[in-house]
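J.: Quick one: the structure is below, and I'll ask about it shortly.
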Amino acid sequence: MIKFFLMVNKQGQTRLSRYYEHVEINKRTVLEAEVIKNCLSRSKDQCSFIEYKDFKLVYRQYAALFVVVGINETENEMAVYELIHNFVEVLDKYFSRV
């Protein structure tokens, strides 16, 4: 199950966030800061899957944009990785040059 969906730029600013479970606003900011720090600190050679607290993070970088999805432990990481790619392709076709 997907817990949240984030789009973040390289400066660490959240551009889009969508939560599929209730998370209080103050906890969201802390969670987003930690997730962003974990994803931005990794090199391109490292895996795009991170185990974080009681869930997993799947992220993908497109130029200056990071798309991060938080999932539970039973979700398939590769399927979510492809979901991110398909989502970005749809955005690119709709808005052009995403």
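J.: With respect to residue 81, is the statement that it is closer than 22 Å to residue 21 by Cα, hydroxyl-bearing (Ser, Thr, Tyr), out of contact with any His (no Cβ under 8 Å at 6 or more places or on another chain) and not in a strand (DSSP E or B) true?
T.: Values: closer than 22 Å to residue 21 by Cα: yes; hydroxyl-bearing (Ser, Thr, Tyr): yes; out of contact with any His (no Cβ under 8 Å at 6 or more places or on another chain): yes; not in a strand (DSSP E or B): yes.
Judged against the criteria, residue 81 is a match.
J.: Would the stretch 42-55 turn up any residue that is among the hydroxyl-bearing types (Ser, Thr, Tyr), under 20 Å from residue 85 (Cβ atoms), free of Cβ contacts under 8 Å to residues at least 60 places away in the same chain and in a strand (DSSP E or B)?
T.: Checked the stretch 42-55: no residue is among the hydroxyl-bearing types (Ser, Thr, Tyr), under 20 Å from residue 85 (Cβ atoms), free of Cβ contacts under 8 Å to residues at least 60 places away in the same chain and in a strand (DSSP E or B).
J.: Within the group 31, 16, which residue is exposed (fewer than 13 other Cβ atoms within 10 Å of the Cβ), modelled with pLDDT of 90 or more and not small (Gly, Ala, Ser)?
T.: Among 31, 16, only 16 is exposed (fewer than 13 other Cβ atoms within 10 Å of the Cβ), modelled with pLDDT of 90 or more and not small (Gly, Ala, Ser).
J.: Could you list, in sequence order, all residues of the stretch 1-13 that are open to solvent by 60 Å² or more (accessible area, probe 1.4 Å) and either touching a Ser or Thr at 6+ places or on another chain (Cβ under 9 Å) or in contact (Cβ under 8 Å) with a residue 12 or more places away in the chain (or both)?
T.: 1, 10
J.: Still on this structure, I have one more. Take the conditions among the hydrophobic types (A, V, I, L, M, F, W, C) and part of a strand (DSSP E or B) and apply them to residue 30. Does it pass?
T.: When the stated conditions are applied, residue 30 does not pass them.
J.: Give the residue, chosen from 71, 36, that is in contact with a helix residue (DSSP H, G or I) (Cβ under 6 Å, 6 or more places away or on another chain) and touching a residue at least 24 places away in the same chain (Cβ under 8 Å).
T.: Within the list 71, 36, the selection yields 71.
The values are calculated or read from the model by the stated rules, or taken from the named source; none is laboratory data. Predicted, not measured: the structure shown is a model, and the values here were computed from it. No Cβ is skipped: glycine too gets one built from the backbone with ideal geometry, and neighbour counts run over all protein chains shown. Note: areas computed on protein heavy atoms with side chains; ligands, DNA, RNA excluded. Shrake-Rupley method; radii C 1.70, N 1.55, O 1.52, S 1.80 Å.
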